[in-house]
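Read the structure below first, then the notes.
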Amino acid sequence: MRILGIETSCDETGAAVVEDGKKIISNSLASSQEIHIVSGGIIPEQAAREQIKSIIPVVNEAIKRADNNFDAIAVTYGPGLIGSLLVGVETAKTLSLVWEKPLIPVNHLVAHLYANWLGDKNPQFPAIGLVVSGGHTDLVEMKSYSQIKWIGGTRDDAAGEAFDKCARLLGLPYPGGPAISKSAENYRNKKLDLLPRPMINDNNLDFSFSGLKTAVLTEVRKEDYKVDQMAAEIQAAIIDVLVAKSLKSIELYKPKSFLLAGGVSANNALKEKLEEAIVKKHSKVQFFCPDPKLSTDNAVMIAAAAYFDKRLIDPIKLNADPQIEIA
Ligand code: KG4
Ligand code: ZN
């Protein structure tokens, strides 16, 4: 079965055709990131305006490369920016009606997890998923494709948000995650313990990242800091907490697989540290992380998620939901 996925939750406009949730037939993506680099962050109105211009060309390219051969349409209906979501949702509803193809609404956060099923990967249930994106940091337990339970998450800022806000304090460009990670590479193999690791020893699966930017601000105000070193400190603090709580979740829920997902999963240091820790402490748990190109927002994961959890909806009844939670 081939599904056309459409994703417009943030500043990207993506369309992709995926076969049986595994094989990428086509993948087309337009991003207004260059505009946001100039403004130092996303201006929602501007993102949506760009998406209105690119949605039809992007969908056209994706279906053309798939020889117009697909059986259903899947679309992100939330969470995300309302103006951006509406562009994808209204387009998908219209195309579903006009082309008489079934419509499958997809939760963007859940879709990040399904980037781990692409290709020849086959995570086993029960699985734990850690979704780390620009707006969310959630730990979930997956007992099956459709059974997802929230088991922990951030009480304030998301991990990606912490990267983005701290990068701004260092004068690094948007998006902050890749910028911090690149800068941190120039400061390797040194002791990194300058910043706090909020909630790391608390006996729960919760996170708190908002204090980190205050701690970074205090350091930045001293004015004798080095950007590369601060970048490495920030990355290390975020990673340490994510690794500690991931290990705790494995101890509590005893999964067969652990799935890292979301934009921050493109971070190589995180991937390496987490995998190393899981292999060392829980060698029976299989670790999965998407290909970096499929870690950040894309339409491939939307089409994959729709294949594994097909919840058809009458197009007339679908509404965008910017606030929807992962479970
Ligand atoms: O999932 P995503 O593409 O969009 C949302 O759903 O939010 O995640 C975007 C987030 C941003 O905060 C960005 O800074 C972060 O992912 N990110 C990274 C890296 N690449 C993207 N964070 C750390 N290291 C990276 N290499
Ligand atoms: Zn995302």
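Nothing in this text is a laboratory measurement; each read-out follows from the coordinates by a stated rule. Since this is a predicted model, take the numbers as computed values, not measurements. Quick reminder, even Gly has a Cβ in these numbers, built from the backbone with ideal geometry, and neighbours come from all protein chains shown.
Indicate, rounded to the nearest 5 percent, the antiparallel portion of the DSSP beta bridges found entirely in the chain. Antiparallel: roughly 60 percent of the beta bridges in the chain. Across the range 1-94 the C-alpha pair distances fall into 10 Å bins from zero in the proportions 19, 48, 26, 6, 0 percent. Positive end of the dipole of the chain (Cβ unit charges, origin at the Cα centre): among Thr8, Gly263, Met142, the Cα lying farthest that way belongs to Met142.
Sorting the Cα pairs of the range 220-271 by distance into bins of 10 Å, from 0 upward, gives 20, 41, 24, 11, 3 percent per bin. What the Cβ-Cβ distance of Asp120 and Ile82 gives, at R0 = 30 Å and to the nearest 0.05, is a FRET efficiency of 0.20.
For the range 177-327, how big is the tail of P(r) above 23 Å, as a whole percent of Cα pairs?
Of all Cα-Cα distances in the range 177-327, 49 percent exceed 23 Å.
What is the log10 of I(q)/I(0) for the chain, computed with the Debye formula using one identical point scatterer on each Cα and no solvent, at q = 0.10, 0.11, 0.16 Å⁻¹? So the normalised log intensities are -0.56, -0.68, -1.32. Phi angles of the range 78-90 translate, via the Karplus equation with coefficients 6.51, -1.76, 1.60 and θ = phi - 60°, into HN-Hα couplings of x, x, x, 7, 4, x, 5, 4, 4, 4, x, 5, 5 Hz per residue; Gly and Pro are given as x.
Stokes-Einstein diffusion of the range 261-327 at 37 °C, 0.692 mPa s viscosity, Kirkwood radius from Cα pairs, rounded to a whole number: 224 µm²/s.
Suppose we flag trypsin sites (Lys or Arg not before Pro) only when DSSP calls them loop and at most 14 other Cβ atoms lie within 10 Å. Which is the longest uninterrupted stretch of the chain? Walk me through the numbers before you get to the answer.
Working: sites that count: Lys143, Arg155, Arg188, Lys190, Lys191, Lys222, Lys226, Lys256, Lys284, Arg311.
That would be 1-142.
For the range 154-202, report the % of Cα-Cα distances exceeding 12 Å. Considering the range 154-202, 69 percent of its Cα-Cα pairs are separated by more than 12 Å. Rounded to the nearest whole angstrom, the semi-axes of the ellipsoid equivalent to the range 167-239, taken from the Cα gyration tensor as √(5λ), stand at 20, 13, 13, largest first.
With the convex hull drawn around the C-alpha atoms of the range 1-42, the volume per residue stands at 63 Å³. When the helices of the chain are scored as -39500 (n - 2.57) per DSSP H run of n ≥ 4 and the total is divided over every residue, the value at 222 nm lands at -13500 deg cm²/dmol.
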